[in-house]
Amino acid sequence: MRTYIALFRGINVGGNNPLPMPYLVRILERLGCKDVKTYIQSGNAVFRTAKTPAKKIAAEISARIFKDHGFKPKVLLLSVSEFEAAIANNPFNTADGKALHFMFLESKPKKPDLAGLTAVKAKSEQFRLNKKVFYIYAPEGIGRSKLVAKVEPAMGVPVTGRNWNTVSKLGALVDQLAGTRG
């Protein structure tokens with residue numbers, strides 16, 4: 001069985017697309033996922049499954065949520081090696097869990113507009129693109145960041161972001177799952 005990290009985009013945010021985590025766990029289990037663990041209400045799950053490939057699993061999850069709850073969230077599935085590489089390749093040396101953000105991309109962008117992002121970023125903001133992860137260091141926060149709002153259009157592929165605190169917690173869940181292998 002392979003372990004995956006599922007990042008859901010647009011659930012339980014601003015009162016839209018409500019999906020309590022116990023329901024998400026049940027959906028994943030009905031799809032054959034094992035040892036499902038979730039973290040916070042905005043849609044993060046770690047699980048094991050014998051199914052492949054990841055894009056097919058993500059599509060099945062999204063379709064099942066649509067069938068059961070009436071909306072179709074974007075689901076980005078990462079293998080443990082992809083997730084660990086994203087952490088290992090983090091270019092920013094900071095312990096500020098809310099200032100550092102990992103923007104996970106569905107695929108490697110063909111023609112990212114990095115110049116356009118440079119033009120709109122605040123002086124205090126820094127960013128780096130490494131394959132399928134766009135890293136942002138925003139010490140003043142991302143709530144009003146013009147850079148963050150432009151990432152997905154500049155990349156030309158679907159994106160979902162998590163701060164360092166969330167990435168760290170997901171890493172701990174992956175480590176817990178590693179102990180459940182039989």
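The values are calculated or read from the model by the stated rules, or taken from the named source; none is laboratory data. Please read all numbers here as calculations on a predicted model, not as lab measurements. Quick reminder, even Gly has a Cβ in these numbers, built from the backbone with ideal geometry, and neighbours come from all protein chains shown.
Quick notes on this one:
- Residue within the stretch 115-131 that is under 17 Å from the mean Cα position of the chain (by Cα) and within 25 Å of Ser62 (Cα to Cα) present: yes
- Residues (of a type in the set (Ser, Thr, Tyr) and either assigned by TED's automatic domain parsing to the domain that holds Lys55 or in a helix (DSSP H, G or I) (or both)) located in the stretch 125-182: Thr166, Ser168
- The requirement of being at pLDDT below 95, part of a strand (DSSP E or B) and either of a type in the set (Gly, Ala, Ser) or exposed (fewer than 14 other Cβ atoms within 10 Å of the Cβ) (or both) is fulfilled nowhere in the stretch 4-12; no residue meets it.
- Candidate set from the stretch 148-182 (those that are closer than 20 Å to Arg2 by Cα and of a type in the set (Val, Ile, Thr)); member that is modelled with the lowest pLDDT: Thr180
- Boolean, Lys146 is more than 20 Å from Asn44 (Cα to Cα) and touching a Gly at 6+ places or on another chain (Cβ under 9 Å): no
- Taking the numbered list (1) touching a Pro at 6+ places or on another chain (Cβ under 9 Å); (2) within 30 Å of Pro139 (Cα to Cα) in turn, Ser81 passes all entries but (1).
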